[in-house]
Every structure is written in structure tokens, then in C-alpha cells.
């Protein structure tokens, strides 16, 4: 195994990639990468503001028809996605997959405020685009808790993604699509919009 810091990055980005797949569906994730030298990572989507699956029109609806996208739902899903890395690290800590730590201290929300900076900034930027308020200085523990709830039943997939990221340092979106949704996902046509 590599250093604990790199394992944290791998779990963080694997969690973000998995939540991206859960909230936005297949063919949205471009890639997930980790930088072994800088101990950083990122999950990149094809769109700067992907549309959650529950905000998309049902099959058979045409482009241009009203679909009733609720701005709060769009922001909430982006908040969950932005905080999913923290959620994934917290689950890995609870499961003992990272170096032994004092769990009471490590799981305190105060400890995660600094780590959430990128997520808070992304969330504030997206909220501003659609006219909603999500201050970048506020930590949204409820988004993190929801991400933990989404990741728990698919935790083995998160572990597989983290292991692959540690080994290869990059996963393309179609690879994550197959791991999360199954091998037949790429053979299914996309929804008609």
C-alpha cells in the first residue's frame, strides 16, 4: 500500500466519482485522477453543471419541452457531489482502511472544515449561476451526511475505484460507468432529450 495521504486522496476521488454516477447517471463523468506527487485529485464531468437524473425529462419527452427543473434540487445534488469526497474519507476512517487515528477527533465536523474548502467554493459558484445563496464560508454537514448515506450500500465499488486509482492514477468515465452500473451500461442507448 502507498502512503496514508495518497490513500485518502484515492478514497476521496473514488467517493466523488461514485456519487457522480449515482446522482447524474452514466456518460456524465469524464475522468477521475489522482496526482501521487502532489497528493491531490479531481473528478471531472463533461458539463460544468450536470443535470441530476431526477431533474431530467422522462423517456420520450422532446428537447424544448418544459421539464420543471427545481433549482434547489440542482444545488442540493451538486452539494452532495461536492462533499462526497469528505464522506468517502469518513467512511474509510470508520472502517479502519486508513492509518489508525483517534476517531472521535477525526470524525468531528470541525476537523473537516478546511478539507471542504473546494466543495464549498464549487457549491457557491454553481448556486450563484442560478440565483441561489450558498455562502462559501458555510460548511454543509447535511450534504456530507447524504453522501455517506448514498455511498454506504455501494462501498465495495468505492474501494475498487480507490484501489484502481492508487494503481493507475486515472480512471476514464466509461470505466467508472461499468463499475458502478454494470458492464451492460455502455450498450444501452442514452435517454432521448
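Taken together, the values in this text are just the output of simple stated rules run on the coordinates, not laboratory data. Please read all numbers here as calculations on a predicted model, not as lab measurements. Backbone-built Cβ (ideal geometry, glycine too); neighbour counts: all protein chains shown.
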* Packing-based order for 37-45, 146-154, using average beta carbon neighbours within 10 Å, highest first -> 146-154, 37-45
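Which whole number in µm²/s is D for the chain by Stokes-Einstein, with the Kirkwood Rh taken over Cα pairs at 20 °C and 1.002 mPa s? Numbers along the way, then the final one.
Details: Rh = 17.2 Å.
Here the translational diffusion coefficient equals 125 µm²/s.
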* Tell me, what is the FRET efficiency for residue 102 and residue 167 to the nearest 0.05, using R0 = 25 angstrom and their Cβ-Cβ distance as r? -> 0.25
* **On Cα atoms only, tilt of 71-94 relative to the major axis of the chain in degrees** => 20 degrees
* Structure fact -> Helix 155-168: inclination vs the chain longest Cα principal axis, degrees, rounded to 10, gives 70 degrees
* Within the stretch 98-127, whose backbone N sits under 19 Å from a point 7 Å along Cα→Cβ of residue 72? -> 123-124, 126-127
* To the nearest 0.05, how large is the calculated FRET efficiency for residue 178 and residue 115 if R₀ is 30 Å and r is the Cβ-Cβ distance? -> 0.55
